[in-house]
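These notes are about the structure you will find just below.
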Amino acid sequence: MELTSLLYKRVSKILGVEEDVLEKEALRQYILSELRHVRLESKLIMARYGVSSIEELDEKIRRGELEETKVFEDLTRLDYLLDREEKLKKLLEELRGMESQ
């Protein structure tokens, strides 16, 4: 039997909580933690340029207020983070759907 499975069994027995409930809650907490990190990093990047969205950052580049070459790395990172945020939110929704079954 796998170590993780043994641990879930032990914790389940000690806490009196079903293993599947523990697994779902562990996943939910992990996803929420990742979501917090992604949102924080996104906000830090946007604050650096005084914007509240990637569209505003793009607009500042188009207007010439920011040089694309200087913000390219942050722009790319922000795009990745926003995509990851959407994926994490979808995973949370899937977990919520599993809980209601």
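Every number here is computed from the coordinates shown, using simple stated rules; none is lab data. In this text, all values refer to a predicted model and were calculated from it rather than measured experimentally. Cβ: placed from backbone, ideal geometry, glycine included. Neighbour counts: every protein chain shown.
Ranking Val17, Thr76, His37 by Cα position along the charge dipole of the chain, where only Lys, Arg, Asp and Glu carry charges on their C-beta atoms, puts Val17 farthest toward the positive end. Taking 20 Å as the limit for the C-alpha separation, the pairs Lys43/Lys70; Lys9/Lys89; Lys60/Lys90; Lys13/Lys90 exceed it in the case of Lys9/Lys89; Lys60/Lys90; Lys13/Lys90. Full extension of the chain between Ser53 and Ser12 yields a length gain of 10.5 nm, computed as 0.36 nm times the residue separation minus the alpha carbon distance.
Using only Cα positions of segment 3-99, each an equal point scatterer, no hydration layer, compute I(q)/I(0) via Debye at q = 0.14, 0.17, 0.22, 0.25 Å⁻¹ and quote the log10 values to two decimals. So the normalised log intensities work out to -0.64, -0.78, -1.04, -1.18.
Annotation: amide H-H contacts under 5 Å for Leu66 (H modelled 1.01 Å from N, sequence separation of 5 or more, or interchain): Ile61. Straightening the chain between Ser33 and Glu85 buys 17.6 nm, computed as 0.36 nm per residue apart minus the Cα-Cα spacing. Taking every C-alpha pair closer than 8 Å and separated by at least 6 residues, the mean separation divided by the residue count of the chain gives a relative contact order of 30 percent.
Of the DSSP H helices in the chain, those that are both long (alpha-carbon extent of 15 Å or more along the helix axis) and hydrophobic (Kyte-Doolittle mean at least 0.5) are 3-15.
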